[in-house]
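The values are calculated or read from the model by the stated rules, or taken from the named source; none is laboratory data. Remember, it's a predicted structure, so these values are computed and weren't measured experimentally. As a convention, Cβ positions derive from the backbone with ideal geometry for all residues, glycine included, and neighbour counts pool all protein chains shown. With ligands, DNA and RNA removed, areas are computed over all heavy atoms of the protein, side chains included. Shrake-Rupley method; radii C 1.70, N 1.55, O 1.52, S 1.80 Å.
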Amino acid sequence: MNIQSLIKQRSQENAIPFVRDDTLSFIINYIDTNHIKSILEIGTGYGYSAYSMSLTNASQIVTVEKNEDNFETAYDFLKDNPKITCVNDDAFDYSVHQSFDLIFIDGPKSHQEELVEKYMNNLNDNGTIIIDNVFLKKFDKISNPTKNQKSLITKVQNFRKWLLDNHSLSVKIIDLDDGIAILKLK
């Protein structure tokens, strides 16, 4: 079994979220089509998307994970990959003094606006932010969502509204898997 399949399998076994297949294919295609070389990923999980992105022409991937257990598992999978740097830190505290061609945000769904505002200044000219899970369709099938689920649904809906109303960003939302947003600075 190759590393990519092993990471995916281990993520499934331990209920660690990972990017869905069609979304990953879209991102991989985007990286190759747009000649992306440097990537910042917020939310590593076990490293499935970071490893998958390392199979492209990208030359540098910095991936940030807050959860120490997830970080240690991801680090074990990714430590020998020269393209990937794993960082164990809270994305809200992490300080990066570099610009990237692509920032992939797949972290906390209830604070996506803050992450966009924090990291948009780390984009290279013509850089892109891709955000996963802008719809949270998994909650569509729940007839009686909990108070926390309702709160998260509202936050994600408000985030989509904020994106579409933001005059400093060019925003495209794609109904693929659980929804992705593609942002560029105007």
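From 69, 125, 80, which residue is in a helix (DSSP H, G or I), open to solvent by 50 Å² or more (accessible area, probe 1.4 Å) and either in contact with a Lys or Arg (Cβ under 8 Å, 6 or more places away or on another chain) or of a type outside the set (Phe, Trp, Tyr) (or both)? Show your work before the answer.
Numbers: 125 fails: in a helix (DSSP H, G or I); 80 fails: in a helix (DSSP H, G or I).
Of 69, 125, 80, the one residue that is in a helix (DSSP H, G or I), open to solvent by 50 Å² or more (accessible area, probe 1.4 Å) and either in contact with a Lys or Arg (Cβ under 8 Å, 6 or more places away or on another chain) or of a type outside the set (Phe, Trp, Tyr) (or both) is 69.
Hey, among 73, 63, 85, which residue is in contact with a helix residue (DSSP H, G or I) (Cβ under 6 Å, 6 or more places away or on another chain), among the polar types (S, T, N, Q) and modelled with pLDDT of 95 or more?
Values: 73 fails: in contact with a helix residue (DSSP H, G or I) (Cβ under 6 Å, 6 or more places away or on another chain); 85 fails: in contact with a helix residue (DSSP H, G or I) (Cβ under 6 Å, 6 or more places away or on another chain).
Step by step, each of 73, 63, 85 is checked, and only 63 is in contact with a helix residue (DSSP H, G or I) (Cβ under 6 Å, 6 or more places away or on another chain), among the polar types (S, T, N, Q) and modelled with pLDDT of 95 or more.
Would a scan of the stretch 96-116 turn up a residue that is part of a loop (DSSP other than H, G, I, E, B) and of a type in the set (Phe, Trp, Tyr)?
To start, the set of residues in the stretch 96-116 that are part of a loop (DSSP other than H, G, I, E, B) comprises 96-99, 106-108.
Checking the rest, the ones that are also of a type in the set (Phe, Trp, Tyr) come to none.
No, there is no match, as no residue in the stretch 96-116 is part of a loop (DSSP other than H, G, I, E, B) and of a type in the set (Phe, Trp, Tyr).
Working only within the stretch 160-184, note down all residues that are surrounded by 15 or more Cβ atoms within 10 Å (Cβ to Cβ) and within 14 Å of residue 120 (Cβ to Cβ).
162, 163, 166, 169, 171, 181, 182, 183 - these are the residues of the stretch 160-184 that are surrounded by 15 or more Cβ atoms within 10 Å (Cβ to Cβ) and within 14 Å of residue 120 (Cβ to Cβ).
Would you please name the residue that is modelled with the lowest pLDDT, looking only at residues in the stretch 139-159 that are surrounded by 11 or more Cβ atoms within 10 Å (Cβ to Cβ) and assigned to a loop (DSSP other than H, G, I, E, B)?
So the first thing to find is which residues in the stretch 139-159 are surrounded by 11 or more Cβ atoms within 10 Å (Cβ to Cβ), and the list is 139, 142, 145, 149-159.
Applying the additional criterion that residues be assigned to a loop (DSSP other than H, G, I, E, B) yields 142, 145.
Details: 142: 71, 145: 76.
Within the stretch 139-159, the match that is modelled with the lowest pLDDT is 142.
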